[in-house]
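*Asks:* For reference, the structure I am asking about is given below.
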């Protein structure tokens, strides 16, 4: 990256392309003041901003002390400096370190140079659009929305009944980081609300509700190298636990008898099962949304009478047991009184425990900024009640709900801590496991995230899709989620097979479940979910054909374990995600850049999930530069073309590179013969 | 009003209350630049703004030449003046005349001092909220929306199918003028997009997408006086034509046989009929929205074979004939080729006639900024085809649709002309009538409006309500519409009896029609409409009971003619609207300020329309300071209390002041005896 000094300004360039230009007539830096309103309803935020002042910092004075370039930025010649920008050159980029001299400034905008055909990815885990160009993306962790498309009935009803319909940019995991097709990434160091605007032809405008400490710009010669650097910067995940490769994780949530009965059915059906995941291990309660969990994180014997001995028995059979936790404790649980007495909860304006409504039940928010509360939750709950009890992992749910009106022990405003909360939640889970020395054997999966979650969160899951094929909340959205979060260094991503959210008459059918299971076999974790309303939604154990289908796909998953482990090596060594956009290995093929419903599973498998109902064939694009072999028929096709293949149940459109070192493994994939 | 000079600033006060304060630490004036996107779809606009700069003009330099005070406003001490403000004192206020010195400025904000309990009204014709406080109001003439409430099915479907659902602030008639409970009014002289924001406790912020020429602030000791001054400023309507007092205007739109048959039924039913209004006099076409009119403004003999002789025959019987026109001409009509050949239409970027889609048919927009086109349309169509043909009036529909991407003869941008278009449309109608010397006998009614429409538009009608009791698009909204537009000097307001828009399965029932007719008898024009889908919606001629009900209400209307004429005198002399908010005559009764579902009909009648389904009684508030007599029972009640009265069909909750000079008239109102 080059820094070119101009009269009263400067320019940053990478690979000969301008990245940032600042001069009096074309300023890049703007500051101002605004007053926001932010209303939260059960994790959904209505946010409005009122900008009272926004001024370009047109006047720059540069000084160079040999070590770094320092730039004072003013609104006009007679002005005091509003900001000082210290540019530190890196081998592959630059750090722009910012210091504000005006404490009233709470809005900041910076423009990066854009080109008309440039593409941009990242922004955390984005469900609707992989390429962010042409839209703006508010970056604020929240519920992702139910439906996420104002033209659908489910979205409309979710908005009306629960203020929960959401929009294309809502996500559990935002991150103020993007990757450009100019082969650089940009990261803004902030946890405040931000909005990255990629709608303009000439510039990207990044808005932050503070003057951020740093803007980091780094480039690389290839996307693989770029992801390597991103991942080295934010941290890398541990390898997957060995047991996970054994097969599907069965989500069962109707108590012990149900769990054991369905597990037996699975095993009798020659299903490859790695674990059962019983999120109701700590008990349940009934609400109008469906059966909800009882948020008091310890074994509830009424629902799982023999769990204390059962876990070891299952493990003997090669089946692990997974549970569930989140960072809240319900007021009617056993832990609440202790935590309240010790002052471990976030507080309200009156200094009392802040009570949060989660939908017909109330909870306290454990204040992770309080070292004692953090330690207590980690030891007393995560370690003693969960790891020591025998759980091999859990869904570490939520993290995106920190209310903005609570008070925290560290004195930082909840608005500033809100986006950081998923990181704190990831950290406490990772530490609990690491301190027990079990990082290689106990895992957890999260939907919430923010900058740095890469370092702690073992695995992402895509959150609560609707149980349908819908464009903005159905099966196809988890591909965009995997690709966007993957580029930012989250190597492991998966989703609930069949989706989760079933509301307003929208229920899962067998076709959706099959198509989702077919995709899930080509993700790092294959895991089912009974949904929020198990009785209304089809399950794999409801129909023998569905059981056989899932068993088949689980054997495909298990068969690929050696390959998936090799992908784990790449993730550990270079941060390369398991699921990859096509252009990551095909930079010269322009067609690859616009595809967000296919992915490479490692370098050698191309996966094109069927994401529409009623399809018996599927059309997809094969990247140029290789020949591709259809996994089920062995037919070989040249890359660089669209092809249509038959896509019966059990044979999802998946291809391997003809020149792969793994061809023997791919050629011997379990066939669904006789099943259909 | 007082002007107090401060160090580097000034303050305006009225009645001892601060109206505007400008000083370096508390500036009132802001300027900046923005880039808007405005997408129109059939009169519905999606508008977004991107503000690139907004700066307070903190530095003021004052000079006083004895005649006026001149103030140069700068962003900072070293700045060139951005604006010059010339303050001209008036006996009751001040003119703030503005001159911009920076041609790049296209955003302007001014803050007026607000107090916490202040109320604000006006903003044109506002359907959802009479008191504007607590919300912001974009001021841009457009379709008002179908449903206007994101929680309703009709709104959702309208948004999805037609981008037409709308919101609380959408209106055919916006106006950048408001009235404050501090007893002043403020008018901003602009036709550009504006947004008046009344959400802040300490200030009202008025945004305009240009530096407006003038801000006018005038106060008065009473609201009646204030409306007088507003009305004197914007202009006053002519008196109603004498024939209008004779009874209901029957909207009939299925050709001549239908019109004559239903008229006969009405007359046989002892209905007081002043006119039939046949909007299909120029022909129809079928679309998926329903039967639409043929937009070629002249008699269509196929649909009304004997209309040329019929009009005179009807007039002999005391029944007038009304038609319909709007400012567009359909491409398949007779007038289009002539107008196109003469260059009378607005043009597109290629210099060709701009073709506008009105929903499955296309039209040209007559360019009223072209004096020849204006003259041609006035003479050839409005005068020759309509007045000379014998029409006694017409619905002068539309006016709010000027597309923003057309080019106009006067060279002014369509964005600047858009809001002015309703005024041009009103003017051409008024002039056509005046030039024929028929202002006292021929009338027209419009839904669109803007500043100054008061001077030309004879009567407003409330536009296209949904055929229901809904909060934001039903019966109750036309009361807010009448009160808000009335305060700005529009004395005459009415609505389609039974509403108009019937979409997505929403259809009119008999109860709604009755309740609407009951209200309409207490408005200046009582007029029915068959709706956009006549066959799907109940009509007064469908059921003998409905016919009798309408006949009764029409006799009530006719009975009140002497009183309505007296209200017309007040309108002509002082601009006092016929329908009045309760506080206009009860300034000291604080309860009167929060009521938007009742009105005073003149000083002496209190009308509280039943605007919910299934009601047999109704609760309302009687203003303090008078006793009130129930029109149907003669029961007398003290003012200053809520009361509940029986409200059977035909006896709407209406009361007269016990001390009225018109008690004899009110006591002898036609009773609905025997009808129900």
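Each reported figure results from applying straightforward, stated rules to the coordinates on display, with no laboratory input. Keep in mind the model is a prediction, meaning the values are calculated, not measured. We place every Cβ from the backbone using ideal geometry, glycine too, and count neighbours over all the protein chains shown.
*Asks:* Between segment B:608-631 and segment A:391-410, what's the alpha-carbon centroid distance in Å?
*Replies:* 53 Å
*Asks:* Which of B:309, B:660, A:103, B:219 comes first, and how do the rest follow, when ranked by fewest Cβ neighbours within 10 Å?
*Replies:* A:103, B:309, B:660, B:219
*Asks:* Suppose we look only past 21 Å in the calculated P(r) of segment B:345-485. What percent of the Cα-Cα pairs does that tail hold?
*Replies:* More than 21 Å apart: 50 percent of the Cα pairs in segment B:345-485.
*Asks:* If all Cα-Cα distances of segment A:164-292 are sorted into 10 Å bins from 0 onward, what percent lands in each bin, rounded to whole numbers?
*Replies:* Calculated P(r), rounded to whole percents: 9, 23, 22, 20, 20, 6, 0.
*Asks:* Still on this structure, please answer the following. Hey, what's the Cα Rg ratio for segment A:582-667 versus the globular rule of thumb, 2.2 N^0.38 Å?
*Replies:* Normalised by 2.2 N^0.38 Å, the Cα Rg of segment A:582-667 equals 1.01.
*Asks:* Over segment B:582-667, what relative contact order in percent results from Cα pairs under 8 Å that are six or more residues apart?
*Replies:* Computed over segment B:582-667, the figure is 28 percent.
*Asks:* Another question about this same structure. For B:147-160, what's the mean count of beta carbons from other chains sitting within 10 Å of each residue's beta carbon?
*Replies:* For this peptide, the per-residue mean of nearby foreign Cβ atoms is 3.
*Asks:* Just the ratio, please: alpha-carbon radius of gyration of segment B:130-217 over 2.2 N^0.38 Å, N its number of residues.
*Replies:* 1.23
*Asks:* Okay, next question. Take the Cα atoms of segment B:458-562, find their three principal axes, and give me the spread along each one in whole Å, biggest first.
*Replies:* 37, 32, 21 Å, listed from the longest principal axis down.
*Asks:* Can you list the distances in nanometres, one decimal and ascending, from the residue B:633 label point to the identical position in each other copy, with the point 7 Å along Cα to Cβ?
*Replies:* 8.3
*Asks:* Using the eigenvalues of the Cα gyration tensor, what equivalent ellipsoid semi-axes result for chain B when each is taken as the square root of five times the eigenvalue, whole Å, largest first?
*Replies:* 41, 32, 21
*Asks:* So what is the diffusion coefficient of segment A:207-280 in µm² per second by Stokes-Einstein at 25 °C and 0.890 mPa s, using a Kirkwood Rh over Cα pairs?
*Replies:* For these conditions, the coefficient is 147 µm²/s.
*Asks:* Put a label point 7 Å from Cα along the Cβ direction on residue B:13, then list its distances to the equivalent points in the other copies in nm, shortest first.
*Replies:* Those label-point separations list as 6.3 nm.
*Asks:* Any idea what the residue A:26 label distances to the other copies are, label 7 Å down the Cα→Cβ vector, nm, shortest first?
*Replies:* Label-point separations across copies, in nm and ascending: 4.4.
*Asks:* Further question: Kirkwood Rh over alpha-carbon pairs of the protein assembly as shown, then Stokes-Einstein at 25 °C and 0.890 mPa s: what D in µm² s⁻¹, rounded to an integer?
*Replies:* 70 µm²/s
*Asks:* Okay, next question. Shielding by partners for B:50-58, please: the mean number of other protein chain Cβ atoms within 10 Å of each residue's Cβ.
*Replies:* 5
*Asks:* While we're looking at this one, here's another question. Consider just the alpha-carbon atoms of segment A:380-457 and return their Rg together with their Dmax, both in angstrom.
*Replies:* When restricted to the Cα atoms of segment A:380-457, Rg and Dmax are 13.3, 38 Å.
*Asks:* Give me the base-10 log of I(q)/I(0) for segment B:1-118 at each q in 0.09, 0.10, 0.14 Å⁻¹, Debye formula, one uniform scatterer per Cα, rounded to two decimals.
*Replies:* One equal scatterer on each Cα of segment B:1-118 leads to -0.31, -0.37, -0.67.
*Asks:* Pairwise over distinct Cα atoms, reciprocal of the mean inverse distance: report the Kirkwood radius of segment A:486-614 in Å, one decimal place.
*Replies:* One decimal place: 15.8 Å for the Kirkwood radius.
*Asks:* In what order do A:245, B:324, B:599 fall by count of nearby beta-carbon atoms within 10 Å, going from fewest to most?
*Replies:* So the residues, fewest neighbours to most, are A:245, B:324, B:599.
*Asks:* Evaluate the relative contact order of chain B (contact order divided by residue number), counting alpha-carbon pairs under 8 angstrom at least 6 apart; express in whole percent.
*Replies:* 11 percent
*Asks:* Something else: In whole Å, how far is the Cα centre of segment B:433-509 from that of segment A:73-97?
*Replies:* With segment B:433-509 and segment A:73-97 each reduced to a Cα centre, they are spaced 58 Å.
*Asks:* Still on this structure, I have one more. Using the Cα atoms of segment A:305-346 to build a convex hull, what is its mean projected area in square nanometres?
*Replies:* Mean projected area for segment A:305-346: 4.2 nm², to one decimal.
*Asks:* As a test of the formula, what do you get for the protein assembly as shown when each DSSP H run with n ≥ 4 contributes -39,500 (n - 2.57) and the sum is divided by the residue count, at 222 nm and rounded to the nearest 500 deg cm²/dmol?
*Replies:* Helix-only estimate at 222 nm: -6000 deg cm²/dmol.
*Asks:* Please report the projected area of segment B:2-234's Cα convex hull averaged over all directions, in nm².
*Replies:* Mean orientational projected area (segment B:2-234, Cα hull): 13.5 nm².
*Asks:* Please compute, over every Cα-Cα pair in segment A:336-411, the percentage with a separation greater than 17 angstrom.
*Replies:* 50 percent
*Asks:* Here's a follow-up. Going by C-beta contacts inside 10 Å, put B:542, A:159 in order with the fewest on the left.
*Replies:* Fewest to most other Cβ atoms nearby, the residues stand as B:542, A:159.
*Asks:* A follow-up question, please. What percent do you get for the relative contact order of segment A:2-234 when only Cα pairs under 8 Å and 6+ apart count?
*Replies:* 18 percent
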